[in-house]
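Here's the structure, in structure tokens; my notes come after.
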Amino acid sequence: MRCEETDLIEVACMKHFILNVTTPSKMYQGMAKDIVYNSQRTQCLLIEQDGQEVLIEMDSILTLTSLTQNPFFKSINFKTEN
């Protein structure tokens with residue numbers, strides 16, 4: 001994940017955007033809250049989905065779409081580099 005992409009996620013967290021987040025195994029929808037580390041020390045996006053806090057590993061995110069209208073981004077497609 002590039003620094004610019006992480007910066008946009010930080011903005012989404014500061015402004016509590018509602019996001020759709022797609023990973024290889026699941027789709028999430030919720031309010032962006034923070035970027036934190038899980039118990040394995042992996043960087044994660046913390047969202048609130050249906051009243052529950054959910055950690056999504058940053059490296060697993062394929063697409064992130066803002067449902068909150070904003071001047072920063074609409075959708076981000078993350079490319080995995082091998």
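The values are calculated or read from the model by the stated rules, or taken from the named source; none is laboratory data. Here the structure is a predicted model, which is why all the values come from computation and not from measurement. Ideal geometry is used to build each Cβ from the backbone, glycine not excepted, and the neighbour counts take in all protein chains shown. Each accessible area value is taken on the protein alone, full model and side chains, heavy atoms only, with ligands, DNA and RNA left out. Shrake-Rupley method; radii C 1.70, N 1.55, O 1.52, S 1.80 Å.
Work out how much length ASN20 to ARG2 would gain on full extension: take 0.36 nm times their residue separation and subtract the Cα-Cα distance, in nm to one decimal.
Computed gain between ASN20 and ARG2 is 4.5 nm.
Compute the length gained on full extension between GLU53 and ILE35: take 0.36 nm times their separation in residues and subtract their Cα-Cα distance, giving the result in nm to one decimal.
Computed gain between GLU53 and ILE35 is 5.3 nm.
Please work out the FRET efficiency for the pair GLN69 and GLN43, using the Cβ-Cβ distance as r and a Förster radius of 25 Å; give the result to the nearest 0.05.
0.40
What does the charge dipole of the chain about its Cα centre add up to, to the nearest 20 debye, if the Cβ of each Lys and Arg holds +1 and the Cβ of each Asp and Glu holds -1?
140
Once neighbouring chains are kept in place and the probe is 1.4 Å, which whole percent of the accessible area of the chain is contributed by carbon and sulfur?
C and S fraction of accessible area: 47 percent.
Using a Cα-Cα cut-off of under 18 Å, which aspartates and glutamates could be cross-linked to LYS26, ignoring same-chain neighbours fewer than 8 residues away?
Cα-Cα hits under 18 Å: GLU48, ASP50, GLU53, GLU57, ASP59.
About the Cα centre, and with charges only on the beta carbon of Lys, Arg (+1) and Asp, Glu (-1), how big is the dipole of the range 10-50? Nearest 20 debye, please.
The dipole magnitude comes to about 100 debye.
Over the chain, what per residue volume does the convex hull of the Cα atoms give, in whole Å³?
94
What list of ³J(HN,Hα) values in whole Hz, one per residue of the range 51-57 in order, does the Karplus curve 6.51 cos²θ - 1.76 cosθ + 1.60 (θ = phi - 60°) give from phi, with Gly and Pro shown as x?
Running phi through 6.51 cos²θ - 1.76 cosθ + 1.60 with θ = phi - 60° gives x, 10, 8, 10, 9, 10, 4 Hz.
Each residue of the range 31-38 in order: what ³J(HN,Hα) in whole Hz does its phi give by Karplus 6.51 cos²θ - 1.76 cosθ + 1.60, θ = phi - 60°, with x for Gly and Pro?
Residue by residue, the range 31-38 yields 8, 5, 10, 5, 10, 9, 10, 7 Hz.
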